[in-house]
Amino acid sequence: MGISKQIGQIIEKSSWIRKMFEEGARLKAIHGASNVFDFSLGNPNLEPPESFQRVLEQVVSEKRDGSHGYMANTGYPETRKAIADYLAAEQAIAYEADDIVMTCGAAGGLNIILKSILDPGDEVLTPTPHFVEYGFYVANHGGLLKTVPTTSEFRLDIAAFDEAIGERTKAVLINSPNNPTGQVYDASSLAALGELLRRKSDRYGRTIFLIADEPYRKIVFDGIEVPSVASVYGESLLTTSYSKDLSIPGERIGFVAVHPNSAHRKELGAALALTNRILGFVNAPALMQRVVARLQGECTDVAAYARKRQLLCDGLASFGYQFVKPAGTFYLFPKSPISDDVAFVRALQEERILVVPGSGFGGPGYFRIAFCVSDETIVNALPGFERVIRRF
Ligand code: PLP
């Protein structure tokens, strides 16, 4: 085999994802794409807000020398300033431009954070079910991802974290609103986590960072607010992107924010700039940096996702599916009516419905529905969901 054993094993392990993708392509070829109900990908179906197109055109039409050249690895100063000002107001924390590093999406942000802080064998703890790429990102930089169970409603289980944190723990990585569960962690559990991390950092004599991965922060329902992670813990690193809230995942633009109260503020800034460079990102896309600088606070049509959530939840609940209604994101994570979630997902495929088994997220016995699809897809898929649950 020419490729590395590690990558070969990852390809092998995730082969069912490929199989599902192939099955989707096969079904689409037979029945036509509109007759296959594809809920498998978190690729926003909504177009970016109108303001995005307007600002993009403005930026493209402005002739500015050097617009397409290399820049500081951290990004354009004016973009970092615009983001720092917005974040300072949103989080009530005094972020400055120097605390912001522009990245190739949240994925790029997570990778430069992990590269900056991990030594071989260090552990990163994450509540599970979780975004499956975390394991790969942590392994990319010599670390080990350890999962920590959540409560029956997918909330943070502080006692489980208390037990899991040890001398090798370098960071806790949380994602709220959460992919795949749609859960938003409440302020009191975050405060308890902050307190725990302070205690454990003291006990083990080294900083345990709290990484908040928040690409879905603006996609929340019923008027809820996502509590600030930075306000509960000074050694926190925030990463996010415009992939989901501006519906531009292909543009690869996001950022990392270092907490201004971090004891490691300066060295983290230098490390993140270096890792952006040496991981080959070099800098975040120049054009998009200029665009997002002028779109702080803008967001796609969350009301449309709220409507889709309602359509799906009402339909599935009436057939007897059990789930925690998502407080945010565009994912629903129902219980599989049979314990074998992979078998259940296969049964849904017979109805031309494509979803992802919970096992793929460390949540066996569940499955994930990405409802960032047209209303029509949801409505037309509901009879299939009903027929399958009746069979079991
Ligand atoms: N984190 C979570 C929880 C995600 O769901 C995703 C994408 O689906 C990412 C990070 C990566 O986002 P980006 O496209 O900004 O790299």
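Here are some notes:
- Contact order normalised by residue count of region 226-331, Cα under 8 Å, 6+ apart, percent: 20 percent
- For region 75-202, the alpha-carbon radius of gyration amounts to 1.12 times the rule-of-thumb value 2.2 N^0.38 Å expected for a compact globular protein.
- Sulfur and carbon atoms: percent of accessible area, region 51-292 [1.4 Å]: 52 percent
- Compared with the dominant Cα axis of the chain, that is its longest principal axis, helix 15-31 is turned about 50°.
- Residue-span extension gain [residue 43 to residue 304] - 0.36 nm each, minus C-alpha spacing: 92.5 nm
- Remark: C-alpha extents of region 51-292 on the principal axes read 57, 41, 31 Å, sorted largest to smallest.
- Lys/Arg +1, Asp/Glu -1 at C-beta; the chain dipole; positive extreme among 171, 299, 338: 338
- Filtered trypsin sites (Lys or Arg not before Pro), region 27-73: DSSP coil and at most 12 other beta carbons within 10 Å: 63, 64
- Residue-span extension gain [residue 70 to residue 379] - 0.36 nm each, minus C-alpha spacing: 106.5 nm
- Cα long-axis angle, helix 50-61 against the chain (0 to 90 degrees, to the nearest 10): 50 degrees
- Relative to the longest principal axis of the Cα atoms of the chain, the long axis of helix 265-278 makes an angle of roughly 60 degrees.
- Here residue 346 and residue 318 are evaluated by their C-beta separation; at R0 = 25 Å the FRET efficiency comes out at 0.60.
- Protection proxy ranking, peptides 139-147, 68-76, average beta carbon neighbours within 10 Å, highest first: 139-147, 68-76
- What you get for region 51-292, charging only the Cβ of Lys and Arg (+1) and of Asp and Glu (-1), is a dipole of about 520 debye around the Cα centre.
- For the chain, built as a Gaussian network whose Cα springs stay under 10 Å, the top-fluctuating residue of 320, 109, 280: 280
- Modelled label positions at residue 35 and residue 63, each set 7 Å beyond Cα in the direction of Cβ, lie 5.5 nm from each other.
- Legend: distances between Cα atoms for 115/244; 13/200; 13/308; 13/244; 115/146; pairs beyond 22 Å are 115/244; 13/200; 13/308; 13/244.
- Solvent-accessible area per residue for the chain (1.4 angstrom probe, square angstrom): 43 Å²
- Size descriptors for region 305-367 (Cα atoms only): Rg and Dmax, in that order, 11.5, 30 Å.
- Filtered GluC sites (Glu not before Pro), region 214-255: DSSP coil and at most 16 other beta carbons within 10 Å: 225
- Dipole magnitude (debye, nearest 20) for region 31-148, charges at Cβ of Lys, Arg, Asp, Glu: 180 debye
- In a simple Cβ point-charge model (Lys, Arg +1; Asp, Glu -1; nothing else charged), region 254-392 has a dipole of about 320 debye relative to its Cα centre.
- Separation of alpha-carbon centers, region 327-381 and region 102-125, rounded to whole Å: 29 Å
- Mean separation of Cα pairs under 8 Å and 6 or more residues apart, divided by the residue count, gives the chain a relative contact order of 24 percent.
- Once both labels are positioned 7 Å from their Cα atoms along Cα-to-Cβ, the gap between residue 160 and residue 85 label points is 4.2 nm.
- For residue 144 and residue 119, the difference between the fully extended length at 0.36 nm per residue and the C-alpha to C-alpha distance is 8.0 nm.
- Residue 386 versus residue 19: modelled label distance in nm, points set 7 Å from Cα along the beta carbon direction: 3.1 nm
The values are calculated or read from the model by the stated rules, or taken from the named source; none is laboratory data. Remember, it's a predicted structure, so these values are computed and weren't measured experimentally. We place every Cβ from the backbone using ideal geometry, glycine too, and count neighbours over all the protein chains shown. Accessible surface is based on the protein model in full, side chains and every heavy atom, while ligands, DNA and RNA are left aside. Shrake-Rupley method; radii C 1.70, N 1.55, O 1.52, S 1.80 Å.
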